[in-house]
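Here the structure comes first, spelled out in C-alpha cells, and everything after it is commentary.
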Amino acid sequence: MTDSLPNLPRVDVVVPCYNYGRFLQDCIESVLTQSGVRVRILIIDDCSTDDTPEVGRQLVAQDSRVSYRRHEINCGHIATYNVGLDWVQSELFVLLSADDMLVEGALQRVADVFEKNPKVVLVYGDAIKFYGEKPNLILSDLGASVDVRRGRDFVAQVCRECANPIASPAAAVVRTGTQKVVGDTLQVCRIVVI
C-alpha cells in the first residue's frame, strides 16, 4: 500500500455518483491501483436509488483510502461537486465521475509535471471514450509530450477556437489551493452580481 511511502505526492479523488453503482467498482479500482502517488478517495452519493450505497460501503470496508458519504436528498451535480471540493485536503485533486476510470500511471505522470513546473496549476490530458468492455491500453501508446502554456494564452485559444480541449473533468488534475482561491473568488462574484 502506498501509505507506507509518505514522500509520494498526495492526490485526493472526488467521485460524485448518482445511480452509477454498476460502474463504481471499476472506477475506484482504477484509482486505487495508481502507482507513484498516495490517493484518498471520497465517493459522494447524490441520493442514488440503485445499489450505490451497498457498493460504496463495500469499497470502504475493503480499503481505508476510500470514504463514502450519501446525501439525504438529491442535490444535483454542482452541489455534489462543491461538497467534494470542501473535503479536498491534498495538494492535488481530480474530480472523477463514477462512470469514468483513470489510465494506469495517469496520476504519477501528472504529479511529475506539477513537480517539474511549480507554477502550473492545471494539467489535463486526453479522455479515451469506450463503450462496453474496458480497453486494454499499453502505456507506450499514450502521448508523453508536455506543453506548458500561460493561463491567459490557454483561455484565449479556447475563446478563439470556441472549443474546450478538456473533454472531461476526469481529464484534468488541479492544484487544490488554486481551485479553492478561484472558487472563493467566484462565490464572491456571484454574491455581487445577485
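The values are calculated or read from the model by the stated rules, or taken from the named source; none is laboratory data. Since we're looking at a predicted model, the values are computed, not measured. Cβ: placed from backbone, ideal geometry, glycine included. Neighbour counts: every protein chain shown. The accessibility values were calculated without ligands, DNA or RNA, using every heavy atom of the protein model including side chains. Shrake-Rupley method; radii C 1.70, N 1.55, O 1.52, S 1.80 Å.
Observations on the model:
- Gyration tensor analysis over the Cα atoms of the chain returns equivalent ellipsoid semi-axes of 25, 22, 17 Å (largest first, whole Å).
- Solvent-accessible surface of the range 60-171, taken per residue with a 1.4 Å probe and all protein chains present: 70 Å².
- Cβ-placed point charges (K, R +1; D, E -1), dipole of the range 27-74 about Cα centre in debye, nearest 20: 380 debye
- The chain - charge dipole about Cα centre, Lys and Arg +1 at Cβ, Asp and Glu -1, debye rounded to 20: 760 debye
- Cross-link reach is defined here as a Cα-Cα straight distance under 25 Å, omitting same-chain residues fewer than 8 places apart; for Lys116 the lysines meeting it are Lys180.
- Heavy-atom surface analysis with a 1.4 Å probe gives the range 61-126 a carbon and sulfur content of 49 percent of its accessible area.
- Average projection, convex hull of the Cα set of the range 64-149: 8.1 square nanometres.
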